[in-house]
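First comes the structure, then the notes that go with it.
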């Protein structure tokens with residue numbers, strides 16, 4: 001696909017992977033519609049995009065508000081004559097012991113990571129089908145193929161995204177519209193692991209925001225249905241986990257994932273307690 005003057009929608013575009021993806025599309029002179037909760041963050045991304053030669057429009061929107069996504073789609077369609085690429089990038093991750101999750105946690109993670117991308121795609125896809133041209137790119141995760149201890153909600157949402165992508169890809173056969181699943185491993189320079197300062201086991205490998213963004217751009221010109229991004233091979237783990245799931249569980253424990261993720265849980269709980277204390281002081 002020629003990205004010069006293409007119309008590209010990117011969710012989760014105020015920080016992390018979303019910003020880097022936006023920058024790479026900007027270098028191709030695309031027109032970007034950037035979506036995130038934080039307008040301040042979006043303004044910064046818009047400035048970066050325009051400095052690189054792209055054009056950007058910002059829409060502040062909370063993807064947890066599923067019932068309002070139709071109004072988001074209407075805003076997008078008013079800004080753009082058509083949509084060439086939709087990048088479903090926004091994601092929410094909450095490490096926790098499963099029994100300690102609240103119902104609101106379950107709802108928020110599944111809404112942002114799975115229901116919102118499905119709903120936004122459902123609303124924008126008819127335009128692509130009418131033009132017989134378009135590309136939906138889902139930023140999924142290796143966690144959608146390999147469950148990760150103490151991260152059950154995120155894993156579930158990404159597993160759902162993987163199956164949805166697989167099923168929709170078959171439905172889109174011969175329509176001219178493509179769909180791709182991008183599966184990063186642990187991202188070393190953004191996201192929760194980076195923000196809380198917990199190092200992931202070296203033997204599992206990692207990736208960067210730039211690596212993810214490069215894969216997104218590449219798949220628009222050379223189509224791939226699924227892309228894994230990790231510094232070390234991850235596919236063997238996935239294949240073995242299908243046949244011998246408990247063996248992979250044992251390997252993950254040996255690699256130190258359990259210890260690492262307990263640290264993530266502890267840091268998240270501490271952060272939540274600090275936020276609650278601040279809110280109590282305000283009240």
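Estimated at 0.36 nm per residue, the fully extended path between residue 77 and residue 5 surpasses their Cα-Cα distance by 24.3 nm. Mind checking the angle between helix 245-255 and the chain's longest principal axis? C-alpha axes, 0 to 90 degrees, to the nearest 10. On a 0 to 90 degree scale, this one is about 80. Each part gets one Cα centre, and for region 205-242 versus region 160-187 those centres are 13 Å apart. As a proxy for reagent exposure, 7, 254 were ordered by neighbouring Cβ count within 10 angstrom, fewest first; the result is 254, 7. What residue among 27, 78, 145 has the largest mean-square fluctuation in a Gaussian network model of the chain, using Cα springs under 10 Å? Looking only at 27, 78, 145, the biggest GNM fluctuation is shown by 78.
What the Kirkwood sum gives for region 70-123 is a hydrodynamic radius of 13.0 Å, with every pair of different alpha carbons counted. Label-to-label distance for residue 55 and residue 275 is 3.7 nm, based on points extended 7 Å past Cα in the beta-carbon direction. Rounded to a whole number, what is D in µm²/s for region 106-195 from Stokes-Einstein with the Kirkwood radius over alpha-carbon pairs (25 °C, 0.890 mPa s)? It comes out at roughly 175 µm²/s.
One compactness figure for region 1-67 is 1.03, namely its Cα radius of gyration divided by 2.2 N^0.38 Å.
Taking 70, 104, 23 in turn, the Gaussian network model of the chain (Cα-Cα springs below 10 Å) assigns the largest fluctuation to 104. What FRET efficiency comes out for the pair residue 67/residue 163, r = Cβ-Cβ distance, R0 = 22 Å, nearest 0.05? Result of the calculation: an efficiency of 0.35. The angle between the Cα long axis of helix 152-171 and the longest principal axis of the Cα atoms of the chain comes to about 40 degrees, rounded to the nearest 10. Considering only 20, 180, 260, give the residue with the highest GNM mean-square fluctuation for the chain, with springs between Cα atoms whenever their separation is below 10 Å. In the Gaussian network model the winner is 260. If the chain linking residue 101 and residue 202 were pulled fully straight, counting 0.36 nm for each residue of separation and taking away their Cα-Cα distance, it would gain 33.5 nm.
Working note: Debye formula, equal point scatterers on the alpha-carbon atoms of the chain, no solvent; log10 I(q)/I(0) at q = 0.08, 0.12, 0.13, 0.15 Å⁻¹ is -0.33, -0.76, -0.89, -1.18. Quick one: if the Förster radius is 25 Å, what FRET efficiency do residue 38 and residue 262 give, using the C-beta to C-beta distance and rounding to 0.05? Rounded to the nearest 0.05, the efficiency is 0.25. Between helix 39-51 and the chain, what is the angle of the helix's C-alpha long axis to the longest principal axis, kept within 0 to 90° and rounded to the nearest 10? The answer is roughly 60 degrees.
Taken together, the values in this text are just the output of simple stated rules run on the coordinates, not laboratory data. If you're wondering where the values come from, they're calculated on a predicted model, not measured in any experiment. Here the Cβ is made from the backbone with ideal geometry for all residues, glycine too, and neighbour counts use every protein chain on show.
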